[in-house]
Amino acid sequence: MRAHYTILLFIAALLVSTSATPSRLLRTEETAKDEDVTDEERKTPKILERLKTWNADRKASPTFKQAISAFKDYELKEQKGLFGTTAFKVWAKKVKALDQENAGSIMLTILLRRYDDITLARLIGSSKFSEWLKSIATDLQGALFAKWKQAGMKPNTIEAQLLKKPNTQLWGENDKELVKAYTAFFNL
């Protein structure tokens with residue numbers, strides 16, 4: 001008989017502890033991204049994202065694997081001011097040598113692991129003013145615009161996403177040029 005009371009007491013304690021409201025409200029993944037919160041308790045989406053990229057790497061073409069390997073060899077993942085480094089230019093030349101036709105999309109896929117679409121678009125847009133980065137930036141921008149068009153993203157969607165990013169006043173003219181260029185690409 002005492003065993004029954006002990007089990008009931010245990011179940012009651014378990015139910016009370018699981019139905020109690022937590023002291024901290026968890027945010028959704030989108031809210032956490034918007035506020036740049038890195039100490040969020042939910043890590044499942046990041047783990048799933050890493051699994052997807054790992055699985056994609058396994059199935060990738062040898063050219064893509066060589067491009068990723070070169071990106072790691074030149075230690076570009078840790079570089080600050082990536083587009084201004086000579087290592088980036090050497091890496092881009094290597095990718096072009098590996099696959100002249102798809103170099104832009106290969107570089108874009110690798111760079112999107114480090115930057116989101118809009119940040120990368122801004123970096124590419126500002127790189128087009130540099131003489132030695134102009135051709136690389138043109139390839140990257142073409143690949144990014146093709147990706148956006150294939151995903152069905154309209155120019156006004158891109159403009160809205162640019163406005164959500166910080167430093168809109170700093171990037172104002174470049175953002176306008178980016179939207180103008182994408183609008184021209186989208187209407188082709």
Note to self: Being among the polar types (S, T, N, Q) and assigned to a loop (DSSP other than H, G, I, E, B) is the requirement here; does Ser135 meet it?
What the structure shows: no
Margin query: Looking for something out of contact with any helix residue (DSSP H, G or I) (no Cβ under 9 Å at 6 or more places or on another chain), surrounded by fewer than 17 Cβ atoms within 10 Å (Cβ to Cβ) and of a type in the set (Asp, Glu) - is there at least one such residue anywhere in segment 129-139?
Written below: yes
Next item on the list: Could you tell me whether segment 112-128 includes any residue that is of a type in the set (S, T, N, Q) and without any contact (Cβ under 8 Å) to a residue 40 or more places away in the chain?
Entry: no
Check: Any idea how many residues of segment 152-176 are over 19 Å from Gln141 (Cβ atoms), among the hydroxyl-bearing types (Ser, Thr, Tyr) and in a helix (DSSP H, G or I)?
Finding: 0
Next item on the list: Output the residues belonging to segment 106-128 that are surrounded by 18 or more Cβ atoms within 10 Å (Cβ to Cβ) and polar (S, T, N, Q).
Entry: Thr109, Ser127
Note to self: Which numbered condition in (1) farther than 22 Å from Lys147 by Cβ; (2) modelled with pLDDT of 90 or more; (3) of a type outside the set (D, E, K, R) is the only one that Thr18 fails?
What the structure shows: (2)
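Yes/no per residue for (1) over 30 Å from Asn187 (Cα atoms); (2) of a type in the set (S, T, N, Q); (3) modelled with pLDDT of 90 or more:
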{"site": "Ser61", "(1), (2), (3)": "yes, yes, no"}
{"site": "Ser69", "(1), (2), (3)": "yes, yes, yes"}
{"site": "Gly84", "(1), (2), (3)": "yes, no, no"}
{"site": "Ile110", "(1), (2), (3)": "no, no, yes"}
{"site": "Ile118", "(1), (2), (3)": "no, no, yes"}
{"site": "Ala146", "(1), (2), (3)": "no, no, yes"}
Next item on the list: For Phe145, indicate whether it is part of a helix (DSSP H, G or I), within 26 Å of Phe71 (Cα to Cα) and among the aromatic types (Phe, Trp, Tyr).
Entry: yes
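The values are calculated or read from the model by the stated rules, or taken from the named source; none is laboratory data. As the structure is a prediction and not an experimental result, all values here were calculated from the model. Because the Cβ atoms are built from the backbone with ideal geometry, glycine has one as well, and the counts that use them run over all protein chains shown.
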